[in-house]
Amino acid sequence: EFDLTALAEEVVERYRPQLDAARCNVEWGRKAKVSGEWDPFRIEQVFANLIMNAIRYGPGRPIRIEVWREGSEAYLSVSDQGIGIAPA
């Protein structure tokens, strides 16, 4: 068992040099303690990939991170204002 929010904060701090170099400000939305039993390595891997994609495709733009729980479901959201994905 671990806290998903604490993991998200750790990953953000680990990528702080890249975030600063890309001028990407991190904005926290909902930020609640969300504990559960998950594979921390896999969750960290996915979250780190989302952060790196946001840095790579949205330099100079904010990245919004939210962590919350609704009932028995946990959510970790990363939103950026990068180039996006073509509808096609």
_Answer residue from the stretch 56-67, given it is at pLDDT 95 or above and surrounded by 17 or more Cβ atoms within 10 Å (Cβ to Cβ) and is nearest to ILE85 (Cα to Cα) among those_ = ILE63
*All but one of (1) among the aliphatic types (A, V, I, L, M); (2) in contact with a strand residue (DSSP E or B) (Cβ under 7 Å, 6 or more places away or on another chain); (3) crowded, with 16+ Cβ neighbours inside 10 Å; (4) more than 18 Å from ILE85 (Cα to Cα) hold for ALA32; which doesn't?*
(3)
*Of the numbered conditions (1) under 15 Å from the mean Cα position of the chain (by Cα); (2) open to solvent by less than 70 Å² (accessible area, probe 1.4 Å); (3) at pLDDT below 95; (4) not hydroxyl-bearing (Ser, Thr, Tyr), PHE2 fails exactly one; give the number of that condition.*
(1)
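The values are calculated or read from the model by the stated rules, or taken from the named source; none is laboratory data. Nothing here was measured: the structure is a model prediction, and the numbers come from that model. Every residue, glycine among them, receives a Cβ derived from its backbone with ideal geometry; neighbour counts consider all protein chains shown. What goes into the accessible areas is simple: the full protein's heavy atoms, side chains included, and nothing from ligands, DNA or RNA. Shrake-Rupley method; radii C 1.70, N 1.55, O 1.52, S 1.80 Å.
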